[in-house]
Amino acid sequence: MNAVFQVNNLNKSFGGLTVANGISLSMEQGDRVALIGPNGAGKTTFINLVTGHMPPDSGSVALRGADITRLGPTARVRKGLVRSFQVTRLFSDMTPAEHVALAVLQRTGRSGRVFGNFGAMPDVMAEVSEGLKALGIDHIANHKVSEIAYGQQRLLEIALALALKPNVLLLDEPAAGVPQSDTSRIEEALAGLPDDLAVLMIDHDMDLVFRFARRVVVLAAGTIIFDGTPQDVAKDARVREAYLGNYANARSSV
Amino acid sequence: MQTVFSVGTDALAYGMVLFVISIGLSVTMGLMRVVNLAHGAFAMIGGYIASYATQILGLGYGVAILLAVVGTILIAIPIERFLFRRIYGAPELTQVLMTIGLTFCVIGIANYVFGPTLKTIPLPETLRGPVDLGFRSIAAHKLFAIACGIVVAGALWVLIDKTSFGVKLRASVDNAAMAASLGVRTKIVYAVSSAVAVGLAAFGGIVGAELLPIEPYYALRYMVTFLVVVSVGGAGSIPGALVACLVLGAIDTTGRYLVPEYGEFFFYLAVIAIVCVFPNGILGRRS
Amino acid sequence: MAIQRAIAAEGKVDAGPNWLLRDLMGLAAVLAVAGIGYLLFPNNLALLTRITAIALLVLSLDLVTGYCGIATLGHAALFGSGAYAAGIAAVHFDITDPFAMAAVGAVGGAAAGLLAGAIMLRGRGLAQLVLSIAIVYLFHETANKASNWTGGSDGLAGISPDPVFGIFGFDLWGRTAYVFGIAILAVVFVLLRLLVRSPFGMLCRGIREDPVRVSAMGASVNGTLLRMYAISGAVAGLGGALNAISTQVVGLDSLSFTTSAEALVMLVVGGTGSLFGALVGTLTFMWFEDFVSAINPFHWLTIIGALLIAVVLFAPNGLYGTATQLLHRVWNKR
Ligand SMILES: Nc1ncnc2c1ncn2[C@@H]1O[C@H](COP(=O)(O)OP(=O)(O)OP(=O)(O)O)[C@@H](O)[C@H]1O
Ligand SMILES: [Mg+2]
């Protein structure tokens, strides 16, 4: 099998703090990978490094066999590498419909048009309504983002990413900050992601991770200390020490 | 050789005056992250008060300086309280507009009170005429301006590097929230540094009055120059501001001597080049 | 596809015939105000034409500041470049057809916009602001030095545009210039309404709010901004050309920091991020200025300063923005 996404020996440090220490990782079509690790392990930084939002000290990133290390973030997105943000980054003055429309227009090469309006482009409108419906936020399509609930904003982040039709999707804690009552919506959305899409998801919610992932990667202090099946991860001594120990403690103390 | 020397001393005097006036702006901009275009207005107010004190009240030069510095700080207190406080943390555009508005007001009022003419601050006997340095002579007031710049730089260095206030100030510039959580009373740090900044501006306005003459449009005319110094040096960096003042003073003065017909062309060309290469200032930290 | 219809019907995304109506009403309002001005001040058409030219500058500034979120104190560089381009074309190259001069002005402004934009995008925050100021001074000093071409500090005189369509000469009363100017403003206004609603306009609004998000959507931030700078330059350049055509001279003040700062003040007084706001701000400021500065130019500065502080503190959305907010509130109460 050839990998759609391949990271080789990625390194990054901030002054004395090493946040990526020789990270290598590859994903295939249809992969469902969960990237977990304690706070400050370097998970978000890993996404920033591979998407080009932050330059690595060394290492390379390849998409479907082609090296993309030299490309900027926009070019990587156009090649199908799409991310979401740990804290939503949306345009507070715009509506969900406008967000998704902008993504569709961008993907289809029409975002530079200086005339017309997406409301008058049937194909865009169809995709917008479909995309919002798939995540159950079609009823608020025309509310300003600043006026909708945070859980719905998280769903919009996912809708936005999907509207770019990625090959590889990197989700940074898609359920973070969402009230318990709404996480099921997000989980449904995750379950409904296209089959051929390679997905890497960061999350701290172990239940969610175990239901979603077919493979778990554990990052601690910038180093991958485990890469295997969900069944094995709980048995691994190093992981338990680095992560699940804390997690179990945190859980029992609640 | 004669030209090189006089260009050099002029550049140094000009650069030092710029430094005395804008160093306060640099520190407060680094500290409060507020773009303040009204700083020059305080230098101008200082100049006006000193001129009034010497010309109308007949006070001595030293007393006039003291009076002007204190007076300007007193004028600045309500402005800081009621106007500036409301724009800390606001978008840049808001800060720009508020401080431009303030500048316009000060210009209008200064003209109403003092009239549109140039105001002079008569120098004391000792600062008039040339001083013989043995091999060359130099205008005493320029020497005085240079000395003031050196003293201010030295005093600030001591204040910031050697005192406990300096530690608090540096911590607050670095990360105000962190400093506050470590027990630094940032409000007091802000208030003191604002007062020092305004006082230094007033002082610089008086000392530099021979080079930057006091008139109502002063606040607008040099607004840009002071802002450029901060940007080129890097907000919050004292050595940066010093370097920026010396470099910009040298470029401006040399340009005026050698190619006067180009006006400030080379000055602004240099500004663009420097800012493009060092967007955070020559010695500024990455934000 | 009920939802599709729902989106289209709700007007918020401006997808229905709603916006068309608003555009036409806006255009009608512009033309009505222009007509009233003509009737009320037939002896002051020169001022009205100047207001029209400055309105183009402020609209152009709104594109960059209001829609893309770039604070600039150097936008007159684009306006002045258009003015000088049109003036030089007329004086040195005998291009005296008013439409051709306007076109040259637009091209000159767009070129200046590209240059200014390319420099401005090197910095952020304070650095960007300082770059904008340095640019307008650099343009000013260049025009001053190149006096063979620009007339230097005496201004570029001797511009005599041909009659419009070969029929309507630029007379002493400035009637032709005024109508010519209003026609340009009306066309530009309609085009800009289309622009800000287009996908490109939406992208710019996105960049204003969060450039990182836009780049994560695969759109080029700097490319988009540069393009907007060129468009903005063309609009400002048209304003400059109009000023050159109507006054028949181009002065260094058209390239000044003061003009830049005033344009920004006008925009903020009217309300950023709205084309109507730009027009309202220009009209209010210029009319007020003419009125007050006739009495005492320094009082004018004090008043505009106080007004600016008041707007920043109490009406951050500007006159137009605050007025529409109040209207909405009254409307919703009923
Ligand atoms: N731009 C930066 N400069 C300096 N240090 C940084 C920077 N970005 C992140 N760090 C540091 O790098 C470390 C890893 O951060 P990162 O955000 O990648 O962690 P994470 O694994 O995503 O944590 P969390 O689970 O809390 O989201 C942290 O200690 C953080 O403080
Ligand atoms: Mg993270």
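No value in this document is a laboratory result; all are computed from the given coordinates. Everything numeric in this text was worked out from a predicted model, so none of it was measured. FYI the Cβ positions are ideal-geometry reconstructions off the backbone, even for glycines, and counts take in every protein chain you see.
Numbers for the structure displayed
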item: Interatomic Cα distance distribution for the stretch A:5-252, bins of 10 angstrom, percent; result: 7, 30, 35, 21, 6, 1, 0
item: Shape category assigned to the protein assembly as shown from the gyration tensor of Cα positions, a/c cut at 1.5; result: oblate
item: Theoretical gain in end-to-end length, A:Ala237 to A:Ser24 [0.36 nm per residue, Cα-Cα removed]; result: 74.6 nm
item: Computed E for B:Asn175/A:Asp57 - FRET, C-beta separation, R0 22 angstrom, nearest 0.05; result: 0.35
item: Percent RCO, i.e. relative contact order, over the stretch B:41-92, from Cα pairs under 8 Å lying at least 6 residues apart; result: 34 percent
item: Ranked packing of A:77-89, B:250-262, most packed first, by mean Cβ within 10 Å; result: A:77-89, B:250-262
item: Part-to-part distance (alpha-carbon centres) for the stretch C:270-295 and the stretch A:31-98, which is given in Å; result: 46 Å
item: Neighbour-count ranking [beta-carbon atoms within 10 angstrom, fewest first] of B:Tyr190, B:Tyr48, B:Tyr217; result: B:Tyr217, B:Tyr190, B:Tyr48
item: Under Karplus coefficients 6.51, -1.76 and 1.60, residue-wise ³J(HN,Hα) of the stretch A:169-177 in Hz, glycine/proline x; result: 10, 10, 9, 9, 6, x, 9, 5, x
item: Prolate/oblate/rounded label for the stretch C:34-110 (Cα gyration tensor, a/c 1.5); result: oblate
item: Nonlocal amide H pairs with A:Ala220, under 5 Å, H built at 1.01 Å; result: A:Ile225
item: Computed over chain C: relative contact order in percent, which uses C-alpha pairs under 8 Å that are six or more apart; result: 30 percent
item: Residue order, fewest to most surrounding Cβ atoms within 10 angstrom, among B:Ile109, B:Ile23, C:Ile54; result: B:Ile109, C:Ile54, B:Ile23
item: Nearest-ten-degree value, helix A:150-163 long axis tilted from longest Cα axis of chain A; result: 80 degrees
item: Label-reachable residues, the stretch B:86-101, where backbone N falls under 20 Å from a point 7 Å from C:Thr322's Cα toward its Cβ; result: B:86-88, B:90-101
item: Dipole-positive endmost among A:Gly151, C:Ile207, A:Phe5 within the protein assembly as shown (Cβ charges, Cα centre); result: A:Gly151
item: Residue-averaged beta-carbon neighbours from other chains (10 angstrom radius) around C:219-229; result: 3
item: Karplus (6.51, -1.76, 1.60) ³J(HN,Hα), θ = phi - 60°, over the stretch B:129-140, in Hz, Gly and Pro reported as x; result: x, x, 10, 8, 9, x, 9, 9, 10, 9, 4, 4
item: Relative contact order (%) - chain B, alpha-carbon pairs under 8 angstrom, separation at least six; result: 36 percent
item: Share of Cα-Cα pairs in chain B lying beyond 29 Å, as whole percent; result: 32 percent
item: Cβ neighbours within 10 Å from other chains - mean over C:115-128; result: 4
item: Whole-angstrom gap from the stretch C:30-45 to the stretch C:191-228, using each part's C-alpha centre; result: 36 Å
item: Ellipticity estimate at 222 nm from DSSP helix runs (n ≥ 4, -39,500 (n - 2.57)) divided over the protein assembly as shown, nearest 500; result: -20000 deg cm²/dmol
item: Antiparallel DSSP beta bridges within the protein assembly as shown, percent to nearest 5; result: 60 percent
item: Most to least packed among B:15-21, B:64-70, A:182-188, C:112-118 [average Cβ atoms within 10 Å]; result: B:15-21, C:112-118, B:64-70, A:182-188
item: Surface/4 estimate of mean projected area, convex hull on alpha-carbon atoms of the stretch C:167-304, nm²; result: 10.6 nm²
item: Karplus-derived HN-Hα couplings along the stretch C:275-283 (A = 6.51, B = -1.76, C = 1.60, θ = phi - 60°), whole Hz, x at Gly and Pro; result: 5, 4, x, 4, 5, 4, x, 4, 4
item: Max mean-square fluctuation residue, GNM over chain C, Cα-Cα springs under 10 Å, options C:Gly158, C:Gly166, C:Gly35; result: C:Gly166
item: Packing rank of B:218-230, C:178-190, where each peptide gets the mean count of other beta carbons within 10 Å, highest leading; result: B:218-230, C:178-190
item: Cα-based convex hull volume of chain C per residue, rounded to whole Å³; result: 162 Å³
item: Separation of alpha-carbon centers, the stretch B:1-56 and the stretch B:231-287, rounded to whole Å; result: 15 Å
